[in-house]
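Below: one structure, written as structure tokens.
None of the figures in this text is laboratory data; all of them are computed from the coordinates on show. Fair warning: this is a prediction, and the values are worked out from it, not measured in the lab. Methodologically, a virtual Cβ is constructed for each residue, glycine included, from the backbone with ideal geometry; neighbour enumeration extends over all protein chains shown.
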Amino acid sequence: MSEEHDPNASDRDPGSALDESQARADSSDVRRVHVDDREFILVGTAHISQQSVDLVRQVIERERPDAVCVELDAQRYQALSEERHFEAQDLRSIIRDKQLSTLLLNLLLSSYQKRLGMKLGVTPGRELLEATRAAEDLGIPVALCDRDVRITLRRAWAALSFWKKLNLLSGVAASAFETPEISEEELARIREADVLTELMNELGENLPDLKHALIDERDGYLAQKIRETEGQRIVAVVGAGHVAGMTRAIEAHEEIDLAAIEEIPPASNALKWVGWGIPALILGSIVWIGLSQGFTEAGQNAAFWFLANAIPAGLGALLALAHPLTILAAFVGAPFTSLTPVIGAGYVSAFVQAWFVPPTVQEIRQVSEQIATWTGWWSNRLLRVLLVFILTTVGSIVGTWVGGIEILGNAVR
């Protein structure tokens, strides 16, 4: 049974002065959920609201619960508590794991959230950190209950089709370059909602798979982790957008298989067939040209394939003002990476760029601000690595289509 408390509520036990006192103290952002003999006090916050920062400390100090749960994973907690962002991550490992796309999405979302938070005069996520500090001040155990943000982003990314990924990136990128100009009324509305939910709504309602990974799955994940936390009375500090879903999961005694929603879905078999089918078709066409039209023609088509891929990929790296060896790697590597789905020209070029021109700690700290400016993409070394990845990938895709159409046309002549 869940209950939203407000001063005018009339359905409480009239004989309980304690309940009446709690009701007067609670705001509309606090929801109490009673299951069996346990009480879960869910504090819904906006991640960019000073009011939320004040509220979580007030609730924890008043309730003195057995434990405090927060919507953080270990990585995000460390970043907030030590005021670090991405400097703790090994950029080359991210590239090797082919996670530049999720890093880019994370950076774009963080930039938008941070600039919106500046309008409200508060650092995004500060209310979560305040919850941990309030608990520590009172000697109350703290539980980090959110799923690893990297898993969340990878599951969200994997759930989208190619065109929806483009739609998402273009929408988030457009938001990243905007300076949020919002009225006082709009600020008041945003203070009452999870900013991530707000951003998802702005991107439209045509990405239900994304919402499922970012919001719905995490509702269940957070609810399960909170239920597993020891104690009779638990205060949980979470984004306002999660409270309703978590309440339903807790009340329903719904057991969530955490391992199942911590897995990264493998690529579909159809994508694997396409990924290997295109290279096989290109190579088969060149062999067929050699058998039917002569090896000279086959050599000319192979040379065309090389240049059709090498030139646009190299130009992409050049436009990114990449290191000379990065440009060379893009030029030489693209014709071969286009013939395998295992690794792309963008990842090869980005790895070389990160190796020879690694970003400094200061640049990594400034990335949330500089990502919103056109010049920042060329002046910040981390953003330039991402720019190399984007432009060489686009160049390689263009080259694959140009070269493939030409070779297939020659093969059927």
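Peptides 385-391, 327-333 ranked from most to least packed by the mean count of surrounding Cβ atoms within 10 Å: 385-391, 327-333.
FRET efficiency for the Glu136 to Phe356 pair, using the beta carbon distance and R₀ = 56 Å, is estimated at 0.85. For the pair Trp288 and Ala303 in one chain, pulling the backbone fully straight at 0.36 nm per residue adds 3.9 nm over the alpha carbon distance. Computed from label points 7 Å out along Cα-Cβ, the spacing between Glu61 and Ile264 is 4.4 nm.
For the ranges 366-375, 56-65, 234-243, 303-312, what's the packing order if you count other beta-carbon atoms within 10 Å of each residue, average per peptide, and put the highest first?
My ranking of the peptides, most packed first, is 234-243, 303-312, 56-65, 366-375.
Sparsely packed loop sites in region 213-295 (the GluC sites (Glu not before Pro) outside DSSP H, G, I, E and B with at most 16 other Cβ atoms within 10 Å) comprise Glu230, Glu254, Glu255, Glu262, Glu263. Each label was represented as a point 7 Å from its Cα along the Cα-to-Cβ direction; for His212 and Val149 these points are 2.5 nm apart.
The label point for Val412 and the one for Ala280, both projected 7 Å from the Cα toward the Cβ, are 1.9 nm apart.
Only Cα pairs under 8 Å and at least 6 apart count here; give the relative contact order of region 269-411 as a rounded whole percent. With pairs under 8 Å counted, the relative contact order is 33 percent.
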